[in-house]
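A.B. asks: Have a look at this one before I ask anything.
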Amino acid sequence: MILMLYVAGFSVYLQAPRNTHDWKTIGHKITTSSTFRNLVISLAATYGLYLVSSLLHFEPWHMITSFVQYLLLLPAFVNILMVYAFCNTHDVSWGTKGDNAASNDLGHAKASKEGGKEVAEVALPTEKADINAAYDKLLQELSVRPKEVKEKRDASTKREDYYKLFRTNLVLAWMFSNALLVVIFTSNFIIPWINRQTGQDRTFNPYLTFIFWSVAGLSAFRFVGSVAYLILRLIFG
């Protein structure tokens, strides 16, 4: 988390204006430098819109009391919660395979409490004749092959299996699509070719540009929803 914050802060420091001339030409830098433009837009679309939304709702205090904690937990939001959300598109518990099959009766043990502890009572034969009879009965039961019980799935089980399959395919598609994007947009062959076609500078990275603009778009969408909720609350109470 500290490393991520350091890298993000250092990136802003490298691109930020350093003197009066830089501040005067900041508009020209936004239009000419794609790296600086993407960085400014992504930061303004996230933290800037957070601040504006808080002021519109007259609740800006969390920006003061919780902003540092939010920055420290930001890597967990991006990585851990994202992975958890995709992997739990449908809630699946481990070790439930075959729960819809018919279970065999294994008997039960009688329990009683002695001295404040729960003790299981098991009846065991003590006479030699009883032991031999139990052994012969067990051999007879083992020689008879049990009937095969065909597992049947009801409608709810079929629906749950369908959701599980959809979850699995979604996670696999998400993993491979991310891997494909990383391979394509970090390739030493593809990036120079894109730069030549678009006329961008050497620092232009289409993958990071896509990430910056997607973050800006999602933040703008949430901001529109927040403003719409505020307007509807003012109208309808």
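The values are calculated or read from the model by the stated rules, or taken from the named source; none is laboratory data. Every value quoted in this text rests on a predicted model; they were computed, and no experiment measured them. Cβ atoms come from the backbone with ideal geometry, glycine included; neighbour counts cover every protein chain shown.
A.B. asks: Output the helices (runs of 4 or more DSSP H) that fall wholly within the range 126-237 and possess 3 or more residues being within 24 Å of LEU81 (Cβ to Cβ) and at pLDDT below 85, or say none.
C.D. replies: Numbers: elements: 128-143, 155-185, 190-198, 206-236.
Fully inside the range 126-237 and qualifying: 155-185, 206-236.
A.B. asks: Still on this structure, please answer the following. Here's a check for you: in the range 121-180, which residue that is closer than 30 Å to PHE210 by Cα and of a type in the set (Val, Ile, Thr) is farthest from the chain's Cα centre (by Cα)? Quick ask: steps written out before the conclusion?
C.D. replies: Going residue by residue through the range 121-180, those that are closer than 30 Å to PHE210 by Cα are 165-180.
Of the ones still in play, those that are also of a type in the set (Val, Ile, Thr) are 168, 171.
Numbers: THR168: 13, VAL171: 10 Å.
The residue in question is THR168.
A.B. asks: Another one. Considering only residues of the range 34-83 that are polar (S, T, N, Q) and more than 16 Å from PHE223 (Cβ to Cβ), which is surrounded by the most Cβ atoms within 10 Å (Cβ to Cβ)?
C.D. replies: Of all residues in the range 34-83, those polar (S, T, N, Q) come to 34-35, 38, 42, 46, 53-54, 65-66, 69, 79.
With the extra rule that they be more than 16 Å from PHE223 (Cβ to Cβ), the set shrinks to 34-35, 38, 65-66, 69, 79.
Working: SER34: 19, THR35: 19, ASN38: 22, THR65: 9, SER66: 11, GLN69: 10, ASN79: 11.
Going through the qualifying residues, I end up with ASN38.
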